[in-house]
Amino acid sequence: GWQASMKSGSLSYILPCSRLPVQLMSQVRVYTSNGQKKDLGSEDTNRLTPEETLHKVGTGRQDMTNAGQKQSFLKEPIQVKVKAVLKKREYGPKYTQNNFITGVRAINEFCLKSSDLDQLRKIKRRSPHDDTETFTVYLRSDVEAKSLEVWGSPEALARERKRRKEAEIKYRENLFRNQRLLREYKEFFGNTKPRSSAAAMFFKGPGKVVMVAICINGLNFFFKLLAWVYTGSASMFSEAIHSLADTCNQALLALGISQSARTPDPSHPYGFTNMRYIASLISGVGIFMMGAGLSWYHGIIGLLHPHPIESLLWAYCILAGSLVSEGATLLVAINEIRRSARAKGLSFYQYVVQSRDPSTNVVLLEDAAAVLSVAVAATCMGLTSLTGNPYYDSVGSLGVGTLLGTVSAFLIYTNTEALLGRSIQPEQLQRLTELLESDPVVRAIHDVKATDMGMSKVRFKAEVDFDGRVVTRSYLEKQDIEQLLQEIQQVKTLEELEAFMLKHGENIIDTLGAEVDRLEKDLKVKFSCLLRSAYSVI
């Protein structure tokens, strides 16, 4: 438009301008969230520079000519839509007004008595434990207020907490002292305590297999050591070292079995079941270092510095007895693995490779290696007797060391995989996924993981997309719809609407938690039935 004009001396020029004729239509008023009114028109006028003021005065004439057009704009009504929203609440970093606390925590942390809690509001909530459906909790704000009422000030409460902490430390010291005195008393007068459950583990299952192996391998080591001292055979020395390594490793397995039976504590909330895998892993390393290493060393020394061998008659007799005893232990281990594999619906090979029972697997592999090593040692010693060449005996020692090294490598690999947390079988994972997806409350599942923790426990994890309509309908099925309708009809203000939505929204969240508990329980029951085993899902 041709709006702006300029004067230069006595001449007047009309220049084109790109600004639209809406500069001075009206004042613009802006209302902020704090209720203050800002007049942009007046503020803009006050903020104008001298040059801009001169320019605005020069354009006044043309603005007056457009007054009629401006009047038409000003006569149009202004419509304003107001959106009703709830006032946003600022929750601090330590907002605990609606937090719940159990009675035990209230008594321990705030130094209260059970009679003090009787005066507070009691709230029934969904229990996180499987053995109870609901339990009583208290508002943390009520407990804090009650503690201040009882103790008078936060400083007095802090002093009481410190005093109780010191008393607890003194109690533990006295308890430790009393336990030590009790042990000394039992050592002096004899221990009449009945057999514990940990000791009973060695009379059945893997514990029985390990104890039988310890006794037999200990006797084999003693007799093989005597035969080596009498004959000087390198193969017999390897066999003695092999039996010693088996005895030490199986003693370590027994320690792992006893430690795995310990009850969980605050430092180890999931228990000590992995101690069996740790003991088996150390056992594999021990076989490699002690058994294979010494056998290779003695075989190499025999090749570099051969010496004549005495009569091997006693050595053959001891090897024959060792073959019978090791074979008996091997049969015990095979029968135990077959029974356990049949109970879990697995084949013998799958049970061994997946290291389902590390203690029994170690005994199985050690005894199998022992039987084979006895055959190798007897063969090499026989060749030495027939030919008179001591190199065959040294080669037999190297063969026994190689066999032990192979067994130790397999044990190290399988137990390391178990400790790292391997996944369960794909078909089992698919069954778990199908069980979840078939439930009406589940819309979709993502990022599914299932880890075999060992000792018949599986940890299952999945991101679940719940169907909000089904969850809400599950909540409404437990409500009186007519009464709910009356509550809705009584809502007249925003405050009443907020209270109504908060009440039923919290109840719907509790319903979602109950649905999660139901899914977990169904998974534990159905998964155990599908695999025909004593698996439990965590």
Being of a type outside the set (A, V, I, L, M), assigned by the TED database to the domain that holds His242, open to solvent by 30 Å² or more (accessible area, probe 1.4 Å) and farther than 23 Å from Leu244 by Cβ: is that true of Phe410 here? no
When residues of the range 350-389 are filtered for being modelled with pLDDT of 80 or more and either among the aromatic types (Phe, Trp, Tyr) or in a loop (DSSP other than H, G, I, E, B) (or both), how many remain? 1
Please go through the range 242-269 and give me each residue that is open to solvent by 20 Å² or more (accessible area, probe 1.4 Å) and β-branched (Val, Ile, Thr), ordered by number. Thr247, Thr263
In a helix (DSSP H, G or I) and either under 23 Å from the mean Cα position of the chain (by Cα) or more than 18 Å from Gly286 (Cα to Cα) (or both): which single residue out of Leu404, Leu346, Leu432 fits that description? Leu432
Just one of the numbered conditions (1) over 29 Å from Leu225 (Cβ atoms); (2) part of a helix (DSSP H, G or I) is not true of Leu303; which one? (1)
Can you tell me which residues in the range 418-477 are hydroxyl-bearing (Ser, Thr, Tyr), closer than 26 Å to Thr273 by Cα and surrounded by fewer than 15 Cβ atoms within 10 Å (Cβ to Cβ)? Ser423
Consider Val395 carefully, then state whether it is at pLDDT 85 or above, surrounded by 15 or more Cβ atoms within 10 Å (Cβ to Cβ) and either aliphatic (A, V, I, L, M) or assigned by the TED database to the domain that holds Ala234 (or both). yes
Determine the pairs where a residue that is within 17 Å of Gly345 (Cβ to Cβ) and charged (D, E, K, R), located within the range 516-530, has a partner that is modelled with pLDDT of 85 or more and surrounded by 14 or more Cβ atoms within 10 Å (Cβ to Cβ) with Cβ atoms under 7 Å apart, the partner being 6 or more residues away or on another chain. Lys526/Leu435
Candidates Leu319, Leu331 - the one that is open to solvent by 30 Å² or more (accessible area, probe 1.4 Å) and either on the phi > 0 side of the Ramachandran plot or out of contact with any Asp or Glu (no Cβ under 6 Å at 6 or more places or on another chain) (or both): Leu331
Any residue in the range 490-502 that is modelled with pLDDT of 90 or more, assigned to a helix (DSSP H, G or I), open to solvent by less than 30 Å² (accessible area, probe 1.4 Å) and not polar (S, T, N, Q)? no
If I go through the range 276-293 residue by residue, how many of them are touching a Leu at 6+ places or on another chain (Cβ under 8 Å) and open to solvent by 10 Å² or more (accessible area, probe 1.4 Å)? 7
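The values are calculated or read from the model by the stated rules, or taken from the named source; none is laboratory data. Here the structure is a predicted model, which is why all the values come from computation and not from measurement. No Cβ is skipped: glycine too gets one built from the backbone with ideal geometry, and neighbour counts run over all protein chains shown. All accessible areas refer to the heavy atoms of the entire protein, side chains included, with ligands and DNA or RNA removed. Shrake-Rupley method; radii C 1.70, N 1.55, O 1.52, S 1.80 Å.
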